[in-house]
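Asker: Before we start, here is the structure in question, set down as structure tokens.
The values are calculated or read from the model by the stated rules, or taken from the named source; none is laboratory data. A quick note: this is a predicted structure, and the numbers were derived from the prediction, not measured. Quick reminder, even Gly has a Cβ in these numbers, built from the backbone with ideal geometry, and neighbours come from all protein chains shown. All accessible areas refer to the heavy atoms of the entire protein, side chains included, with ligands and DNA or RNA removed. Shrake-Rupley method; radii C 1.70, N 1.55, O 1.52, S 1.80 Å.
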Amino acid sequence: MLMHWASINTLLQAGHGVTFVSMPWDQQPREDRVAALRDLGAEVVLVPRPRAGDGSTGRWQARLAYARSLLWPDDRALFPALASEDELARTIAGIAPDVLLADGVSAVTAAHRLRVPKLAFIGDPPGVSRRERLRWDQTHPRGLSRDAVLYQLGSRTYALRADRRLVAMLRGYDSAGIFGAHRAEWARRHGVRAWYVRSPIMDAVGSSWEERRRALSGNPKPRILLIGHLRGIATISGLHVFVDEVLPELTAALGPEGFDVEVVGAHDPPASLRPALDAHPAVHLRGHVEPPDEEFLRADVVLVPTPIETGPRVRILSAFSYGCCVVAHEANRLGIPQLVHDENVLLADTPGLARETLRAIREPELRERLGRRGRELYEAEFTPERAGTTIVQELERLAERR
């Protein structure tokens, strides 16, 4: 994650030794990224995969375990990363750190029993994503079929149990940085030593951001950027709003070929939305673009139609770092309370998103002002120097208590 790079770089620049511990996820880490971390000056340690079982579970035992996972899942069913907690404990013992930073739900759960000063970082509780997928992700079984009923039952019990169990684990951390002001308040109400942490965002364009934007300006048609991982629920929900609410109004106002929409992100869009996206002449599915610098710099508007109350959308903060004009669903203000309508962003409810997008397209001075104010907010609170320094100070405070 980009935030990891920013945090690690800030720690190294502060003179600390950093060991990045890579957990055994579905895929092995890319060698080029491991090499890049080592080039920064960080050590990299790969945790071995947990030993597989012998597969001797009987048929009825397997069915009982499956039923239990649907009705009242235990911690191992809720958090698969717990399968690696013993290997992680051995790895951490060999490193003997002064303080540990566990970033993300998987790392937080796998490390929650370790007896070292530790700081947790999380965004949304895991139940949030599962509940929202029930509403927005139409790739999963629906209706009254057996598969649909089992999926809905499992999702609802998971959402109920996972958030409660995660809170219990977070209470064992010395400190918990929560990405999203409303999520930090939620965690504090449940007894967690939580605080609102700002996401440190790497500055890819630096002080030349205005010059680079001008060099790439002059699009023949208004250019709108939608960017994000196309399997993430934040992007999926936003694409539903875009296709159902925003795209028809833009087409009516500008004509089907009077604008361009660049959809940038890994993987394919949901099958239920693909026909509408493919059929529209203004929509271009670009796939994953790395680095995305020119996509941001060329955009007249970065549109973030995510309507769900999730944590802070890093794509908004990244757009600010490039000096982009951002139009976003008002739900995003909960995660980033610094967003102020008509001051550094245009915010609207679902019916108003197309109106605000058209307003931005038609008023270049407004776009320029909002882009500048967004960049100012980024420089004031979300650079690695600003947001990263807060993280470094908290880790130093915890290490001193050892």
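Asker: Quick check: residue separation of GLU211 and ARG188 times 0.36 nm, minus the Cα distance between them. What number comes out in nm?
Answerer: So the chain would gain 3.9 nm between GLU211 and ARG188.
Asker: Given a Förster distance of 22 Å, report the FRET efficiency between ALA204 and HIS267 from their Cβ-Cβ distance, rounded to the nearest 0.05.
Answerer: For ALA204 and HIS267, the calculated efficiency is 0.45.
Asker: If you don't mind, there's one more thing I want to ask. Which residues in region 315-341 place their backbone N less than 14 Å from a point set 7 Å from the Cα of GLN393 along the Cα-to-Cβ direction?
Answerer: The answer is none.
Asker: Hey, can you rank 217-228, 36-47 by average C-beta count inside 10 Å, highest first?
Answerer: Result, highest mean Cβ count within 10 Å first: 217-228, 36-47.
Asker: Expressed in nm to one decimal, what extension gain is obtained for the pair TRP195 and ARG30 from 0.36 nm per residue of sequence separation less their Cα-Cα distance?
Answerer: Working it through step by step, the gained length comes to 56.2 nm.
Asker: Further question: To the nearest 0.05, what FRET efficiency results for GLN13 and LEU254 with a Förster distance of 45 Å applied to their C-beta separation?
Answerer: Efficiency, rounded to the nearest 0.05: 0.45.
Asker: Could you work out the equivalent-ellipsoid semi-axes for the chain, taking the square root of 5 times each eigenvalue of the Cα gyration tensor, largest first, in whole Å?
Answerer: 37, 28, 19
Asker: Percent antiparallel among DSSP beta bridges with both residues in the chain, to the nearest 5?
Answerer: For the chain, the DSSP antiparallel bridge percentage is about 0.
Asker: Rounded to the nearest percent, how much of the accessible area of the chain (1.4 Å probe, protein heavy atoms only) is carbon and sulfur?
Answerer: Summing carbon and sulfur atoms, their accessible area is 49 percent of the total for the chain.
Asker: How much accessible area per residue does the chain have, in Å², with a 1.4 Å probe?
Answerer: 49 Å²
Asker: Assuming R0 = 35 Å, what is the FRET efficiency of ALA96 and ARG156, from their Cβ-Cβ distance, to the nearest 0.05?
Answerer: The formula returns an efficiency of 0.25 here.
Asker: Less than 19 Å from a label point 7 Å out along the Cα-to-Cβ axis of ARG355: which backbone N atoms in region 243-264 qualify, by residue?
Answerer: Within reach of a label on ARG355: 243-254.
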